[in-house]
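Below is one structure, written out as structure tokens, with a few remarks after it.
Bear in mind that the values in this text are calculations on the coordinates, not laboratory data. Nothing here was measured: the structure is a model prediction, and the numbers come from that model. We place every Cβ from the backbone using ideal geometry, glycine too, and count neighbours over all the protein chains shown.
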Amino acid sequence: MTTTAFTSPVYDVRAIPLTEIRANSYNPNAVAPPEMELLETSIWEDGLTQPVVAVREGDVYEIVDGYHRYLTVRDTPRIRDRENGMLPVVVLEGKSPAERMASTIRHNRARGTHDPELMAQIVGELVDSGMRDAWISRQLGMSRDEVLRLRQIVGVQKVKGIAPSRPADDHDVAAAAPVQQELFAPDDGRSPVYHVQAVPLSTVRANAYNPNVVKPREMRLLETSIWEDGITQPVVVYLDEDTGAYEVVDGYHRYCTVRDTSRIRDREGGMLPVVVLPEADLAHRMASTIRHNRARGAHDLRQMSSIVQSAAAGWATATGERIEGMSDTWMMKNFGMGAEELLVMKDPRPLVDQFRGRAFSEVPDAAA
């Protein structure tokens, strides 16, 4: 008996016409306008670095992950024209409707949050490297007030002696920011995502300015996602010409998961899929990292609740499609939820609403 070697979907990025792509009915991710603007900036500055994940449904591709990237390319003329009306897609094969829903949730939930002190240090480094508040605000998708607050945190750290001294500490006026606003300049006119390459894990290193923090539960969900679906998103890197090492811009926790999970590392042959961004100075590398991390949105709780209820009932209310009813254990594993969170999602109404109008003696203590 022979076994076929496994190849992660990320190594087969296809250019698909936008007209052949449609959204799914079960994506709970909501992206606010500032994050959508940052996503547009990220794609315009760096090119597309992540493919949209989809399943094939007849003549169309239904999105599993990457709906807002799809919208940005479709609705932004300068990006749509640059991409020739095409979208980079990786296709998941043989997925049932329930498995597609799980893939969407895993992709969205296993992303972590920002550590505010690390963000403050990054803003401090950018200021010290000569970047004005306006540049930081635009490149990192922050309001001026947010930049100011983070700079204040840096100031407190310095006064208390808990932040390292930086080159610009002794200068009253920061130098003018260099002009380097559009780094996207591929040789063949295609976004970096079309140039995924496999590099040895030993040649990849973390950067010192990633503020993203992923909790243990999210790391477990990320491992489940990569094991179940294969790697669908490349790690975005810069190449350090001096050392020959690839420095992570986005995807540090994917890198850690592949490196530290023996079954995945072995299946991938000790290699990591990467896309390499053009050479840039430190400030622009930092900005790329923050843009990739911040332009991701958050879950709409009502949508999440609807998905959980559909999975439990075996009926997708949005499409009328029959799916296999899934157990609580399956949803906790594949949706990355604890038992308490799952219980709330299955019935999101507050207890007080459930017992509204009932005699006090009939109301449980938790709702009183």
So what J values fall out for the stretch 270-277 if you push phi through Karplus, 6.51 cos²θ - 1.76 cosθ + 1.60 with θ = phi - 60°, rounded to Hz, Gly and Pro as x?
x, 10, 10, x, 9, 10, 9, 7
Residues whose placed amide H lies under 5 Å from that of VAL249, excluding near-sequence neighbours
VAL236, VAL237, TYR238
Using a Förster distance of 35 Å, how high is the FRET efficiency between ASP347 and GLU62, based on the Cβ-Cβ distance and rounded to 0.05?
0.75
Simple spin-label estimate for ARG14 and CYS256 in nanometres, 7 Å along Cα-Cβ
3.4
